[in-house]
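What follows is a single structure, written as structure tokens, with notes after it.
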Amino acid sequence: MSHSSQQLDATFAALADPTRRAILARLAKGESTVMELAKPFKMSQPAISRHLRVLENAGLVSTTRRAQERPRRLETAPLKEATDWIEKYRRQWESRYQLLDGLLDELKLMQKKDVP
């Protein structure tokens, strides 16, 4: 399995959890500490830390040091890679649907011609 494939797997696995998606949405607004990230959730700081570990392992979040704090920051490169992968297949599916729409239009025309 290639590194790119492993990265995609890790990204999609991390995004599968709604809490982790909410954490990423919060980090999209700016850096936050674990305490700040834990506030809106009804879960413990260790539980949030476990979610952050998954996000960090997927490369979606990084940690910086600022005095005594270690704020987390969103890393967008893995999200772009996942978006590019999805877009590639979306374009393929769209072209297939356009072909099917064309065939359906032809069938409808044929049915209209057959009706007396």
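Read-outs: derived from the displayed coordinates by stated rules, not from any lab. Everything numeric in this text was worked out from a predicted model, so none of it was measured. Cβ atoms come from the backbone with ideal geometry, glycine included; neighbour counts cover every protein chain shown.
So if R0 is 35 Å, what FRET efficiency would R53 and I86 give, r being the distance between their Cβ atoms, rounded to the nearest 0.05?
Efficiency at R0 = 35 Å is approximately 0.90.
State the number of lysine pairs found in region 3-114 whose Cα atoms come within less than 26 Å, restricting to pairs 8 or more positions apart or on distinct chains.
Taking the Cα cut-off of 26 Å, the pair count is 4.
What is the gain in length, in nm to one decimal, between R70 and R21 on full extension, counting 0.36 nm per residue of separation less the C-alpha to C-alpha distance?
My answer for the length gained is 15.6 nm.
Would you work out which of L104, M43, A82 lies farthest towards the positive end of the dipole of the chain? Charges go on Cβ: Lys and Arg +1, Asp and Glu -1.
M43
Using the crude model of +1 on Lys and Arg Cβ and -1 on Asp and Glu Cβ, and no other charge, please compute the dipole size for region 3-114 relative to its Cα centre, in debye to 20.
Once rounded to the nearest 20, the dipole reads 540 debye.
Restricting the calculation to Cα positions, tell me the Rg (one decimal) and the Dmax (whole number) of the chain in Å.
Rg, Dmax (Cα atoms, Å): 22.3, 84.
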